[in-house]
Every structure is written in structure tokens, then in C-alpha cells.
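To start, the structure under review is shown below, and the notes come after it.
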Amino acid sequence: QVQLVESGGGLVQPGGSLRLSCAASGFTFSSYAMRWYRQAPGKERELVAAISNTGTSTNYADSMKGRFTISRDNAKNTVYLQMNSLKPEDTAVYYCNCNTINIWGKGTLVTVSS
């Protein structure tokens, strides 16, 4: 079964950090680029970060540059999103995606609030 399962979300104070994980199964994970998206309440889903299949190339949305880091471990079939200096406006459901084969996870909620 082809699937992506996110984890690691939760409630964090402004300025805090979280690391999200996305475990992949049912496909050759190391062959595909991966992405993280997020969707805040009442807003459209937006791209957060992307990583190549080997992990050597990454891209970020402008508002996340310098605060978020995407990485992957192909031996563990997992992609990560390290989020630092979190702001209330980072509150959203974060989704893992493999665009090439159109797979989405169910998302993990991140809430940044004092």
C-alpha cells in the first residue's frame, strides 16, 4: 500500500522548535523528490519546502528560509522538516507529498501559541 504518514506536530510556544517526520511506504522512496506543504485555517495550501531524491538539492518558500530545514533519510524512507523560531502564523496542518506519483499524507497539526 502506497502511503505517507506524518507525525511530530503539536502545540509549541512562539520561538520554539518542532521536527516533523513523514514515513513513506509502498514505493521506491529514494527515487522521488519530496515536498512539505501546509494549510492554515481559511487559507490555501502552500508549498513549504522540497528536497530532491538524493537530498542534495533543497528549496524553500521565502517565509521559511533560514527557519525551516528539510532533510531525508532514504535508508529509513523518511523525510523530515525541522522548524525553528516558530511564529503564530506558522500554525497550520502540515502535509507530506510526493508530487510525481501524487501521494499525500493526512497531515499533522502544528499550533504555535503562548
Query raised in the report: Kirkwood hydrodynamic radius (Cα pairs, Å) of the chain?
Result: 13.9
Requested in this report: Please work out the Cα center distance from the stretch 1-61 to the stretch 83-106, rounded to the nearest Å.
Outcome: 5
**Report entry** Dimensionless Rg ratio for the stretch 1-46, taking C-alpha atoms and the 2.2 N^0.38 Å reference
**Finding:** 1.44
Report task. Just reorder Glu46, Glu6 by solvent-accessible area, largest first, 1.4 Å probe, all chains present. Result -> Glu46, Glu6
**Report entry** Mean separation of Cα contacts under 8 Å, 6 or more apart, over the residue count of the chain: relative contact order %
**Finding:** 37
Query raised in the report: So what J values fall out for the stretch 79-96 if you push phi through Karplus, 6.51 cos²θ - 1.76 cosθ + 1.60 with θ = phi - 60°, rounded to Hz, Gly and Pro as x?
Result: 10, 10, 9, 8, 10, 10, 6, 5, 10, x, 6, 7, 4, 4, 8, 9, 10, 9
**Report entry** Cα-centre dipole for the chain with unit charges at Cβ (Lys and Arg positive, Asp and Glu negative), debye to 20
**Finding:** 80
Query - Distant-in-sequence amide H partners of Asn99 (H built 1.01 Å from N, under 5 Å) - result: Arg35
Query raised in the report: When DSSP assigns beta bridges and you keep just the ones with both residues in the chain, what percent turn out antiparallel, to the nearest 5?
Result: 90
Query raised in the report: In the chain, which cysteines lack any other cysteine Cβ under 4.7 Å from their own?
Result: Cys98
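The values are calculated or read from the model by the stated rules, or taken from the named source; none is laboratory data. Predicted, not measured: the structure shown is a model, and the values here were computed from it. Note that we place each Cβ from the backbone using ideal geometry, even for glycine, and neighbour counts take in every protein chain shown. With ligands, DNA and RNA removed, areas are computed over all heavy atoms of the protein, side chains included. Shrake-Rupley method; radii C 1.70, N 1.55, O 1.52, S 1.80 Å.
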